[in-house]
Structures are given as C-alpha cells and as structure tokens.
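In what follows, a single structure is set out as structure tokens and then discussed.
Since every read-out is calculated from the coordinates, none of them should be taken as a lab result. In this text the structure is predicted, and so the values were computed from the model without any measurement. Backbone-built Cβ (ideal geometry, glycine too); neighbour counts: all protein chains shown.
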Amino acid sequence: MSSASESTRDSPVDKGGSSFDKGGSSIVGRGKRDGNRLFQEWYQELGTAAERNEHSAYVFVMGSLTEIMRSFGIHTVFPEINGLQQAVRRVSGDDIGLAEDYGFSADVCGYLKADVGLQLRGGEHPMGKIPPPSLSVHTNACNTYIKWAEIWERMYKVPIFTLDIPGTRAAGRQTWPGQVDFENDRKYVAGQINEVIHLCEQITDKKLDLDKLREAMTHTNTMSRKWKRLIELNKSSPAVYNAMTDGTVFLGVMNGYRGRPEGAEYFTDLVEEMEYKAANGIGTAFEEKYRLAFVGIPCYPIFRGFSEMFTEWGGSFVGSSYLWYASGGANLGYQYDLDHPLESLAEGLLVTVRESMDSMFFSDRSLIEMVEPYGIDGVVYHSVKSCRTVSTGLADNRRAVMEATDVATLFMESDHMDKRVVSEAQLKNRVDAFFEGLAVRSQRRISNAAAPGQSLRARGGHR
Amino acid sequence: MRMPRLLDDYESRSADEAIRMCRELVEDPDFPTVQRWREAGGKVVGHFQVYFPEEIAHAAGMLPFKVRGAPVEARQAGAHFGSYLCSILKTSLELALSGRVTLDLFVSHPICDSARNLAAVWGRNFEYPCEILYLPQNANSVHAATYLRGEYARLTREIEKIAGHRITEDQLRASLGVFNENRRLLRELGEIKRETPWLLPADEAYSLLAVGAMIPREEHNELLAWVLPKIRRGTALPQDRMRLVLTGGFCEQPPLDLLHTIAQFSYVVDDDLLIGLRWITEDIPVGADPLADLAESYLERSSCSPVQHDLRRPKEKMLVDQIKATNAGAAIIIAAKMCDPGLDEVVAYTKALDDEGIPYFVSEFEERMTNFDSLQIQLETFIENLLFT
C-alpha cells in the first residue's frame, strides 16, 4: 500500500496542470461543500422523477447495480441513505413510530421502519419527495434487504430481484478467478445479472445499451480508484479527514453518484484536496491527539454530539470499517474491464460485495492490519440495536483485536436510528473513560521512550 | 467403523415412555447422544438452523447434528456478543464454549444477519473448521440449482477432508435413500397430527421430530417405524378443541412447556417447528448425479420459511393455504425475541390473515422462558372467544 504523501497517478498533475498553483483556500473544504451541493441536487432529481414519469429502482449501498440502472435511465433510490437523513434531521422517530403502529416490532431494523413510515406518508422526506419504486434490486449482503424489498413488493406490487452474491465461506478463504469455487460463484452472479437486465428491459421497454453501460462503468472505475486512494491518504498525520463524519458525506456521493461523471469528478477533486492537505500537513478542524479506527455505524440521531464526544478529546477517526462496507467494497479499487463489460461486472460485483461482507463479518483481520500503517491508538466499536449484520460479531471481533494488538478498544451500544435506544450520558461516560485510559497509555509511552525499542502499540501497555 | 446405537432400549417400553425418553433427550443441554457418538470415535458436523443437506455428512459416516441452542445460560458466550441479539445465537455458542458439545466442523447459513456472523465468531474461537454454506437466496434464478450443486460439491470436499476419505456417489445415493425414508415417516407423523391430533399433542410430536436431529437417521427411522403405529392405535378420544396452525418456530425453538401450554387448549394440526428437518417435502429422486438431485430438491420440492424468499411462494399465502388445507380455525404466530426475519414476517402474516378473516394470536417467546402463566391466560381467552362467538 502506498504511503499517504507519495505522488501517484491520482495526484493533481493528472488533471493537466498543477492544482497546487491554486490557492489552498479554494481547495481545502471543497469536498465537503461540493458533497453537500451534489447531495441536494441528487434529491432534487429524485423529487421530480415521478412527475416526469421516470422509473426509479430502490437499491442498497452494498451492490447497487447503479451502472445497469443508469444505462436504462432508471433513477436509484437508496433507502438507507434516506433513513440516515431522517435520523440526522430528527424525523426518524416519527416515522419509526408510524411503522410500529403499522405492526413492526420495536426490535427490528430502524432503517427499515423509517422507510415504512416514509412510504406510509407518501414519500415526503426532509430532502425532497421520494419517488415510488418501479422495481427493487438488492443483494443479500444484508438479509434485511430481502425482507425490506418484500415490503415494497406487497405495498407497491412491483417486481423485486434478489441478486444473490455468495460471500467468503470462512475467514481468509476468499477464492479467486480460475479457482473452481470462484467460477461457480461467478457463473451464478453472471446469470443473475442477465436476469436483472431482462427485468429492466421489460420495465423500460428498452434494450440494454452496452455503450451506456461502459460509460457508467468507466466513471465507477475512476470513483473506485480514487476511493481507495482516499482511504490510504488518511495514513497522514494529522489525518486529512474525519473518517466518521466527513466519511459519511463521501459515502453519500459515492453511492448516489456511482457511475456518473459528477461522481468521478467529485472524487478526483477530493483526492486532489486531500493530497494537498497531506502535503501541507493540514488536518481536520481540531488538534489530533489520538488516532482512532471506527467500527460499526455512527449514532445518527445525535450525530454531531456523538462526533464531539471524541473530537473534544482530540480523538481523530483516521479509518472506519463503514468506509469499506457501505461503499460497496470500493476500498478495493476494483477496475472493470471495459472490453468485457458484462463478464467484468459479474466478477466485480462478486469481489466487491464479498469485500463489503468481509468488512462486517471478518473485519478483525483488516483492523489488525491497519494498526501499524495508520498509527492507530484505539479502536471504537459502536454496536447498534437496529443492525445485526454489522453488530452481531463486534464484541468478539474486539476480543480478537485485543488479543493480536495492544491498542485500546471501546465497545458501546446504542442505535443509528432510534433515539429511544440512545443514552447520551452513558455514551459520554464510556467515551470519557476510554480517553482517560488513552491518556494514561500516552503518558506511559512518553516514559517508555526513555527505554529504546519499546513501542506501546507493538509490545504492551495498559489495555 | 461400526457405531453403537445411541438411544436406550425403548422397544420394551410403552409408546408414552418412549416419547418421554425423546423429550428428556431433546431438553438435555448436554446432548448425551452426541457425546456417545463421539466416545465411540465418531465425528460430528454441527450445522446451525434452518436447513442443511445432512445427507452429505451422513454419506461420510459423520453425525449431522442440528445446532439449535438450548435452555442454558450464556455464561461464556455472553462476553462474545452485544445485548440486542436473539437467544439461540448465544446459547448455541455457549454449548461449544462450555464443552457440552464438541464438533469437527461447524456450518452456518445466511438465513439471517446474526447467523451469518455466527460462523465468523465461531471460527475465531475454535480450531476446527467453521464456515458458511451459501444456500441460494435467489430461488427464482434459473441458475440457482446449478450453483447449489457446485456449492454442495465444495461442501463435500470439505467434509471429505475431515472424514479422511472420499464420499462416493453410491454412498450419497444410499444416504438419500435413508433420508427419503425419514421424510416419509415424518410425513406420516404430520398426517397423525393433522387427521387425529387428539392422539398426538404438539409437545409430543415435537419430541419425536427433534430427537432426529441428534441421532443417526437410521435410528430415527427405526424409532418412528416402531412408535407411529402405536400412536395410531391410541385410545384417546377427540375433544371439542380449536384446530390451530402454529408458525414462527423455524429457527429458535420455543420451550416444550410452551408447546404443552398450547396443547392443553387446542389441537396444533400443523406447524413450522424445526422446518429444516422437513424442508424437502417429497422423496428426492435418486439418479445419476445425487448432488444435483439434492440441490434441485432444495429449490423445487421444498417448504417455505421467513428466511427463504421465493416469488412463487409468498410466505403469507403459504400460511393461509396451510390453515385452509388443515381445516384449522386460527393461527398462533410466535416470534423469537430479537429475530429480524420472524418479527418482520409477523406483519405480513397478520395483514394477510386480516384480509382472509382468519383469527390469530401473536406472541413473542424466548427459548429460555420458564413462566407461561400469562401466556396461558391470554391463549385461553383467545380460544374461548373463538369458541363462543
């Protein structure tokens, strides 16, 4: 993996001129500004899709098949992103309540219930009107995707398609092209892609346009390449972005604009910005004292306050498993072979969605591997009631990371949607205690510095 | 290797005593039959709910053992999970961590997000292989059966490594034959429940079914072939009780006392308890490619559950059909606490039953619950309301 500050083909000179000539002020903060603008524009597009009689597909972040949808001119609606916005904008509670009145249990996925509430209210969302689906295409990366789509099937009587992507069978046992088990999986995925295309042809009354598909895949290639680089860039010290808060903005664009020229341009600019920050030692808006990895889903009902619990102690999230799985495995930087678009789409989906799943089920290995290169002082696990896909293995994952490394860890439980499950005071107590422990470790590190060759991360220390 | 019989002598006892023996085995968290198998040198494939192609493990001479939790406290497993989780996941791991059950291979399935995580958790804590068997979740793809045949071939290779020998096609065919006979006998058990439920209360039927998940199928076949005629010859007389269909027991299992409570007021004429043992509803035709036969039957000769999506078989329609086919008057819908698929399905079930005008009773449960007083009163009231209106 390349270091954070080295010049690569992603560097600004690739754009035909040194962007470092521009004033730093026009670069720094651009990603956040442009991300917010693109997000608004995307929701505006969705808001008028139904009026224009345009089709919309309800899809999910892990394996959205946006490239195919774009080649048919079908809008993509991401109910997970809608849900996140409902929570951040503090309307999720009402929608969850509506879904529970409809019959859903207090113990099932909050994203799902927020969406059911939204649909029952006719799609009125704080960001704009959400169009009804013409179809749903979802992978099995999360089983709730399937149960969720069944609700739309019943509610709207629209076709739904489960694109079944076999995942890794056991830790460290991924298979690769040429191996008999990989080829069995690939043929299955390829066959299903043809079935999805056939479904889209029926719905739109259009044939697949391979050139449009190639164009979308070209943009996704750029986005994936830049996404991988973006993640690597946070090896910089100080970190050039907050992987939890800024990362959520990046994820929104990554999913909403996947396969689009605006998305490719955005991430090209974003990497340029982060290269600039890395080269000039510019970090985030606070002084970085501790470098942290985040595992789980952020606490969206109190998003700002949740982030501040860490930043006020100088805790900087330099990495997040969220950026791996919720990007649909874009962290691999997988590049489609445009000469064989359908075959490559099948292989790419298999490999990247599998990576998404690995980032949830087997992420202990990746976390252990990132400790040294990213200079991780602590790993924060945020287990949420709503999402068993992400949360079920976290406590055990933490045990594995603690056994293999000497980084500090924090395990917390609340929710990413349902404020009733979020106890701010309890969370803060746990976070404060975590940082007090980190401070002690830091003090020991200073003491140990007098004894050469003793690294706290690699060797020992208070846990 | 010649393996010993795992069940105690029952042939010299009455049918009631044999059923009681089964019940004690089913409720015993130490799983003595599995221990006996291991003590005799046998190997065990533990597979988590719901469905597993047990024929493959059987053909290798191993004992397929259904891991479905137990009414135990998760003393050690609790530290490996967070709070918001179904009980079966925690107690299943507890069985292994506490040494009650020792396996040679553990297999989980993508039935739900918790179960898929379980293989990873298990794998981090045990030296023996732990893996996910990716049963197809797109049952409607024309490519699903071919894929599954390949996935079964992969599983076969894994099992061969553990067994230490190849599994021949003839061995597979022989195992399919043994399991076909088991399916036939379980259908007969279902027929008794449906036609003469006064002869076989729900908890007793369950005991006879569940014991099959912890003994070789040949032994289960012998037991069923011995006991079913005796049950048919029972002298109990029919009573004026409501005929019910019970649904929601596809993964975490309700305590036997809960089933006993329900059986006190009603006749459970059909259910989905341990549906994985009855997933394939007909005999599997045994041809030239037994793995293909097994794969095709998973998709084409099978039941339904909240963890399988098949456009041809909407779950709520299947439930309504089941109620009508068994001439039941109402449904009992149970859902394990914190079970996403089960709880999600409750909504679809109740809407469909409302549309059909079929009464239903909904309750959450946990495998470790011990107090049934409140449930008994609610159920009694529900049934009395139906009987008197």
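Can you order the peptides B:64-70, A:61-67 by their average number of other Cβ atoms within 10 Å per residue, highest first?
The peptides rank, most packed first, as A:61-67, B:64-70.
Restricting to DSSP H runs of at least four residues, report the calculated mean residue ellipticity at 222 nm for the protein assembly as shown, -39500 (n - 2.57) per run over all residues, nearest 500 deg cm²/dmol. Before the final figure, lay out the partial values.
On the way: 33 runs with 434 residues, N = 852.
Calculated from helices alone, the mean residue ellipticity at 222 nm is -16000 deg cm²/dmol.
Could you give the length gained on full extension between residue A:90 and residue A:102, defined as 0.36 nm per residue of separation minus the Cα-Cα distance, in nm?
Difference between extended and current length: 2.3 nm.
Between region B:316-363 and region A:42-98, what is the separation of their alpha carbon centroids in Å?
Centre-to-centre distance over Cα atoms comes out at 31 Å.
Per 5 Å bin, what is the whole-percent P(r) computed from every C-alpha pair distance within region A:317-362?
5, 25, 27, 19, 12, 7, 3, 1
Quick one, can you get me the convex hull of the C-alpha atoms of region B:98-147 expressed as volume per residue in Å³?
Output value, Cα hull per residue: 93 Å³.
What is the pair-distance distribution P(r) of region B:1-73, computed from all Cα-Cα distances in 10 Å bins starting at 0, with each bin given as a whole percent?
17, 42, 36, 5
Which loop GluC sites (Glu not before Pro) in region A:303-402, with loop taken from DSSP, have no more than 15 other Cβ atoms within 10 angstrom of their Cβ?
Listed in order of number, the matching sites are A:312.
Taking the Cα centroid of region A:193-247 and of region B:3-70, what is the distance between the two, rounded to the nearest whole Å?
Region A:193-247 and region B:3-70 have Cα centres spaced 50 Å from each other.
Could you give the radius of gyration (one decimal) and Dmax (whole number) of the Cα atoms in region B:24-169, in Å?
Spelled out, the Cα radius of gyration and Dmax of region B:24-169 are 15.5, 46 Å.
Using a Förster distance of 56 Å, how high is the FRET efficiency between residue A:180 and residue B:381, based on the Cβ-Cβ distance and rounded to 0.05?
That gives a FRET efficiency of 0.40.
For a quick size check, give me the Cα extents of chain B along its three principal axes, largest first, whole Å.
For chain B, the Cα spread along each principal axis is 63, 47, 46 Å.
Give me the percent of Cα-Cα pairs in the protein assembly as shown that sit more than 52 Å apart, rounded to a whole number. Don't skip to the end; give the middle numbers.
Working: 59207 of 362526 pairs.
The share of Cα pairs beyond 52 Å in the protein assembly as shown comes to 16 percent.
To the nearest whole number, what is the average tally of beta carbon atoms from other chains within 10 Å of the beta carbons of peptide A:123-132?
For peptide A:123-132, the averaged partner shielding equals 0.
Report Rg(Cα)/(2.2 N^0.38 Å) for region A:6-450, keeping two decimals.
0.96
Using amide H atoms built 1.01 Å from N in the peptide plane, name the residues 5+ places from residue B:67, or on other chains, whose amide H lies under 5 Å from its own.
Amide H to amide H, under 5 Å and 5 or more residues apart or across chains, residue B:67 pairs with B:47, B:48, B:49.
How do the peptides B:297-305, A:194-202 rank, highest first, by the average count of neighbouring beta carbon atoms within 10 Å per residue?
Result, highest mean Cβ count within 10 Å first: B:297-305, A:194-202.
Determine the shape class of region A:133-208: with a ≥ b ≥ c the square roots of the Cα gyration tensor eigenvalues, call it rounded for a/c under 1.5, and otherwise prolate if a/b is greater than b/c, oblate otherwise.
oblate
How many partner chain Cβ atoms sit within 10 Å of a residue's Cβ in peptide B:303-309, on average, as a whole number? Intermediate values should be presented prior to the final figure.
On the way: counts 0, 0, 0, 2, 3, 1, 10.
For this peptide, the per-residue mean of nearby foreign Cβ atoms is 2.
Can you give the FRET efficiency to the nearest 0.05 for residue B:370 and residue B:237, using r as the Cβ-Cβ distance and R₀ = 41 Å?
Rounded to the nearest 0.05, the efficiency is 0.80.
If I model a spin label at residue B:288 and residue B:184 as a point 7 Å from the Cα along the Cα→Cβ vector, what separation in nanometres do I get?
The two pseudo-label positions are separated by 2.6 nm.
Can you tell me the order of A:402-410, A:44-52, B:211-219, A:141-149 when each peptide is scored by its average per-residue count of other Cβ atoms within 10 angstrom, highest first?
Ranking the peptides A:402-410, A:44-52, B:211-219, A:141-149 by packing returns A:141-149, B:211-219, A:402-410, A:44-52.
Once you order the gyration tensor axes a ≥ b ≥ c over the Cα atoms, which shape class does region B:110-183 get: rounded for a/c under 1.5, otherwise prolate or oblate by comparing a/b with b/c?
Judged from the Cα gyration tensor, region B:110-183 comes out oblate (a/c at least 1.5, b/c at or above a/b).
Counting pairs of Cα atoms in region B:238-332, how many percent are more than 23 Å apart?
Tail fraction, whole percent: 35.
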